[in-house]
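S.K.: Pasting a structure here, questions to come.
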Amino acid sequence: MGRPEIMISTSYLPNGVSPSSDRSDARDAGDSPEPTSMSNNGQSISGNGSNNTMTTELAARACEKCRSSKRRCDKTLPQCERCCRLNAKCVYLADPVAANSNNPGAPVVVFQSQSLQVVNDVLLRGCDPLEELTAAHILRLVAADAQQPGEKLDWVDGVRSYFNCVHSWYAVVHRTLFEQQIASLWSAADSPVPQVYSPPLTNTPSDKALSVHQSSSVLDSAPEHMGRDLAILIVTMYLTVRLRPNDRTMFDETYRSIKRVLTLSFLDGPVPTLELVQAGALLALYEYGHGDSFAAYRTLSETVAAGRVLGVQPGRLEDGFPSKMLGLADEQNSGLWWAMFILDQFLHRDEVSKNLPFILESPDEQTLLPGSITASQITQHAGGYDVKYLCEPMTPPSRRMSIAVPINATSMESFQLSAKVASLLHRALRHEYDIRTKTPNRLPAVSLFVELDREIRSTTMALLQDDINWQAALDCFAMCVSALFTLYLPFLPVLQSKTAQEINGDYELTTALTALRFAMKMSTDISCKMNGDIAREVNSVRYLAAPAAPTCYLVVMAYAGLRKVFPEQWDQCQIAMMEKYESLKFFSYRWGIAEKIMRQLEDVVGLDRNDFLSGQMPTPPFIESSGPMDLSR
């Protein structure tokens, strides 16, 4: 028996189940239509009560909440009086007798916008909400979101943009394995494209690139459990590259829908798939990047727990060698673990979650850094792509290094550098937490972390050896700045209360001031280069790493305090603060956390952004659909 077709504008559900009414959703959805119920004769009754000549429509039977509680139900649509009073969801199931009549189903009350109704309709069917949900339904979330102002992406472009702009510092997906997985689904599907390995996963021009609808059909025809979970992963990859023009609300229906689907999928079966763990890590990044650290902490905690069930670990050394033969699957697990570890550190730099327990365990000197995240090369011939790509053994994984190796910006890939620097930030956070909890209200002795300070500064200088490539190393610089501020920020209130002469006569304060100035200058230099590049090429805003935005808050706060101690440096501090605000302006177009930071600077420090920002934001960048995707670089 074929699956019934799901229409976006459906008024009746085939199995006679009406969606639950949620009063809070009705308030939040700004573009939602007025609630409308359908009578048994097909006439529409407005839910706003404007037509007083029509009687209130009643359901054929009591709602499920009243039935389960054995309470009297007035059967009012869309919500009974009791559920309305209790602010509870009101669900009416079809009357078994009425189901055999000419009535095609129970009345439906629609509170979602029509573009996303299809997913929510399917989720509300039957006992298993995921039973009829397919990959095509999930991928339509991207198609609906692409109609919003400032977006011109389909899911193919979203995947490509993730690998180009996010993957280098948050590698939750292994590029080679992802290509292999999509290619195998493509070859197994009844695809209209004759090539085995065809667009959209290559950058080679082709007149046979698939449309979004055709691409959805490919995943929809794949094995059900694989296609659906992979589609969830693809949508979360797309979310991480969304822009926010005109202060767009990022926690919108697209976000809420995919989070609901992901949560239900985690509960669907005893063991989650790796795609769901990867999607959870990406969704946690999205929540953090748009300013909800507490939601990100919860999502990451649940994702890490699911990853432990699957054995997601970074790998270890034993007697100087890896404890087992490591393949590409191990590289993927290692990259996923390190990505979640990096996000865990930035979450603990936030005031909301800094006192919460660390989600992941501390790495030691035997812990392996992630392996290579560069995709293998794909060969192409005149007649198409080499079919042997699917049959030949995969490229052997690269040699793995332990976390104890010295930093080397020339021999390490960008994500390996990120993991190495994240371990330094973790040590600084652990040290700060121990001091804050064991000896509160006392300044730490700088001698306790002199060695860690030396490692952080030497790492920073190693990153600065070559020309600054902020697109590839912005997260690393941000972690170095955050680590130094973690160690020395407790000294800032004391520095602000002292004179320059008093500071120069105190070794501890002089050391703290020198470290803070080092971090502030490095961060400002990076901002100068970054701001200039984005001003020349505004689409570079796509490469901004979300964790780098909060460091602007730390630097601006330090400049605001120290310019009072050294009034002769007021103008230099003012110029540096203007650079940081300019960076926050660019960040705010990419990540909502930047807007939150500027509001905090106004509320906590009393700084008005208008005093530091000059000019207007350049023309909003759009990520154009540029055809086939290149994952081989």
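S.K.: Which whole-number percent is the relative contact order of the stretch 432-616 (Cα, under 8 Å, 6+ apart)?
M.R.: Values: 159 pairs, mean separation 39.1, N = 185.
Result for the stretch 432-616 is 21 percent.
S.K.: Find, among the GluC sites (Glu not before Pro) in the stretch 524-583, those assigned to loop by DSSP (not H, G, I, E, B) with at most 13 other beta-carbon atoms within 10 angstrom.
M.R.: E537
S.K.: Ok, one more. Please provide three numbers in whole Å: the alpha-carbon extents of the stretch 432-616 along the principal axes, with the largest listed first.
M.R.: Taking the Cα atoms of the stretch 432-616, the three principal extents are 46, 34, 31 Å.
S.K.: If amide hydrogens are placed 1.01 Å from N in the peptide plane, which non-local residues have theirs closer than 5 Å to the one on L607?
M.R.: Those lying under 5 Å, H to H, from L607 are E602.
S.K.: Please find the FRET efficiency linking R308 to L443, where r is the Cβ-Cβ separation and R0 is fixed at 45 Å, and quote it to the nearest 0.05.
M.R.: 0.75
S.K.: Continuing with the same structure: So with the 1.4 Å probe, I'd like the accessible area per residue for the stretch 276-365, rounded to whole Å².
M.R.: That works out to 37 Å² for each residue.
S.K.: Leaving ligands, DNA and RNA out of it, report the carbon-plus-sulfur percent of the accessible area of the stretch 444-558 at a 1.4 Å probe.
M.R.: Carbon-and-sulfur percentage of accessible area, whole number: 55.
S.K.: Which of the peptides 493-500, 233-240, 508-515, 162-169 is most tightly packed, and how do the rest follow, going by the mean number of other Cβ atoms within 10 Å of each residue?
M.R.: 233-240, 162-169, 508-515, 493-500
S.K.: Further, regarding this structure: So what's Rg/Rh here for the stretch 230-336, counting alpha carbon atoms and using the Kirkwood radius for Rh?
M.R.: Rounded to two decimals, Rg over Rh is 1.05.
S.K.: Determine the per residue accessible area of the stretch 432-616 with all protein chains present and a 1.4 angstrom probe, expressed in square angstrom. It would help to have the intermediate numbers written out before the result.
M.R.: On the way: 8050 Å² over 185 residues.
Accessible surface, normalised per residue, equals 44 Å².
The values are calculated or read from the model by the stated rules, or taken from the named source; none is laboratory data. From a predicted model like this one, the values you see are computed outputs, not experimental measurements. We place every Cβ from the backbone using ideal geometry, glycine too, and count neighbours over all the protein chains shown. The accessibility values were calculated without ligands, DNA or RNA, using every heavy atom of the protein model including side chains. Shrake-Rupley method; radii C 1.70, N 1.55, O 1.52, S 1.80 Å.
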